[in-house]
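Asks: Just dropping this structure here.
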């Protein structure tokens, strides 16, 4: 298990380096935006990874509610934390890219706002985990995760109606939108590398969570035995 | 069970008037402070009133929501609910309805005050405001009651409730504010927002009822 983890760690490092090379050197310079567009290779893969992690968190929460499985709770905790990290990367790289290209740091458009609200919801999820005590943490957190996940589509719909002038999506948008074919490989390489990094972090965090659980259990056991004597 | 708990809560509130009094005074303070902070004329206040009203009610509602379960902690009443064979959802509905009534009373009392302080006159059909108020209040209260049951289990529970309630309530708040503004200014139709609120209410009432029993019994 430990060896496997190390091999995967090395592979991730290689993939990250290769993806950075792809994004910074191999990818063509964008016609109108210039080099600043290269932040796209970090921004978009981070977003996809964050959304995947939040989805994994939702699934793990459902499993926990149904089965009361400690491992599912550890997965939920790990994916939420790493998801918030990647979501933060999205929210930081977004304005850096937007300032030179759109001329503004931020706009309250549907996708930006939804991402921000998503981030707020999962930060509140982490706060709840931190502030609740004992074994009920997992259950309360799982319940909140369900609420958060149900909320996101509603947020998207309301904001979309609220700000109708939002720019149409580049990927999977209308007819004249679309990515230059030569930009796809760097994007996908970066996504692969970021997903691998996310998996590494989640696995490490998951094991930490399980160890914490075990330490707590042993403390409880020791306390019980101590009181019996 | 629902009716018994509801009647008990209402009677307690009638005798102490804790929740309604503190909410009323709190909302009044918010109204006065906003009025100083923005100092609007009649046209401006029509534009911003929707936001002001709902922010004031949201903050005030938190005051009442925090007390929902706190009074059941004394004498282990909550544990008694847990071991009783009555359905957990009946308890939840009673608490949610009680909070709904408290906040509605608050709104009925504060509404006229808003009209006076901000010189409001609705351009659009005013009866729609009642629909928005009822749907919006339920949206705040149903999730608020549920999250109050979550936050009662945490350290620093009073602060915890707004921290988890506000992010989830953003779409509802947006719908309330925008429908109120479009009714007051008469510039746009609030139909979409009212439907949105209805969807929000139905979805989250279902989620609350689905999850409340496990949260009540969390150990």
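Asks: Within the set of pairs 6+ apart or on separate chains, which have a first residue in segment B:193-219 that is closer than 28 Å to residue B:78 by Cβ, a second that is outside any helix (DSSP H, G or I), and C-beta atoms under 8 Å apart?
Replies: Going by the 8 Å Cβ cut-off, the qualifying pairs are B:213/B:87; B:218/B:153; B:219/A:135.
Asks: If you go through segment A:105-123 one residue at a time, do you hit one that is closer than 16 Å to residue B:155 by Cβ and surrounded by fewer than 20 Cβ atoms within 10 Å (Cβ to Cβ)?
Replies: Checking segment A:105-123: not a single residue is closer than 16 Å to residue B:155 by Cβ and surrounded by fewer than 20 Cβ atoms within 10 Å (Cβ to Cβ).
Asks: Quick one: how many residues across segment B:160-176 are more than 10 Å from every other protein chain (Cβ to nearest Cβ) and more than 18 Å from residue B:208 (Cα to Cα)?
Replies: Step one: of segment B:160-176, the residues more than 10 Å from every other protein chain (Cβ to nearest Cβ) are B:161, B:176.
Right, trim to more than 18 Å from residue B:208 (Cα to Cα) and you get B:176.
Within segment B:160-176, residues that are more than 10 Å from every other protein chain (Cβ to nearest Cβ) and more than 18 Å from residue B:208 (Cα to Cα) number 1.
Asks: To continue, here is another question. Being in a helix (DSSP H, G or I), in contact (Cβ under 8 Å) with a residue 40 or more places away in the chain and either within 16 Å of the chain's Cα centre (by Cα) or crowded, with 19+ Cβ neighbours inside 10 Å (or both) narrows it down to one residue among A:85, A:92; which is it? Reasoning before the result, please.
Replies: Working: A:92 fails: in contact (Cβ under 8 Å) with a residue 40 or more places away in the chain.
Residue meeting the stated conditions: A:85.
Asks: Might you let me know whether segment B:140-150 holds any residue that is over 18 Å from residue B:60 (Cα atoms), touching a residue at least 12 places away in the same chain (Cβ under 8 Å) and surrounded by fewer than 22 Cβ atoms within 10 Å (Cβ to Cβ)?
Replies: no
Asks: Follow-up. Suppose we keep only residues that are crowded, with 19+ Cβ neighbours inside 10 Å and at the interface with chain A (Cβ under 10 Å from one of its Cβ atoms) within segment B:178-196. Which one would you say is farthest from residue B:53 (Cα to Cα)?
Replies: The qualifying residue farthest from residue B:53 (Cα to Cα) is B:196.
Asks: Residue A:171 - would you say it is under 22 Å from the mean Cα position of the chain (by Cα), modelled with pLDDT under 85 and more than 30 Å from residue A:22 (Cα to Cα)?
Replies: Working: under 22 Å from the mean Cα position of the chain (by Cα): yes; modelled with pLDDT under 85: yes; more than 30 Å from residue A:22 (Cα to Cα): no.
Considered against the rule, which asks whether it is under 22 Å from the mean Cα position of the chain (by Cα), modelled with pLDDT under 85 and more than 30 Å from residue A:22 (Cα to Cα), residue A:171 comes out as no.
Asks: Any idea which residue in segment A:1-28 is surrounded by the most Cβ atoms within 10 Å (Cβ to Cβ), counting only those that are in contact with a helix residue (DSSP H, G or I) (Cβ under 6 Å, 6 or more places away or on another chain) and not in a helix (DSSP H, G or I)?
Replies: A:27
Asks: Right, something else. Has segment B:128-137 got any residue that is within 14 Å of another protein chain (Cβ to nearest Cβ) and in contact with a strand residue (DSSP E or B) (Cβ under 6 Å, 6 or more places away or on another chain)?
Replies: No, there is no match, as no residue in segment B:128-137 is within 14 Å of another protein chain (Cβ to nearest Cβ) and in contact with a strand residue (DSSP E or B) (Cβ under 6 Å, 6 or more places away or on another chain).
Asks: Just to verify a result, which residue in segment A:129-147, among those that are at the interface with chain B (Cβ under 7 Å from one of its Cβ atoms) and modelled with pLDDT under 90, is surrounded by the fewest Cβ atoms within 10 Å (Cβ to Cβ)?
Replies: The extreme case among them is A:133.
The values are calculated or read from the model by the stated rules, or taken from the named source; none is laboratory data. What you are looking at is a predicted structure, and each value in this text was computed from that prediction instead of being measured. Cβ atoms come from the backbone with ideal geometry, glycine included; neighbour counts cover every protein chain shown.
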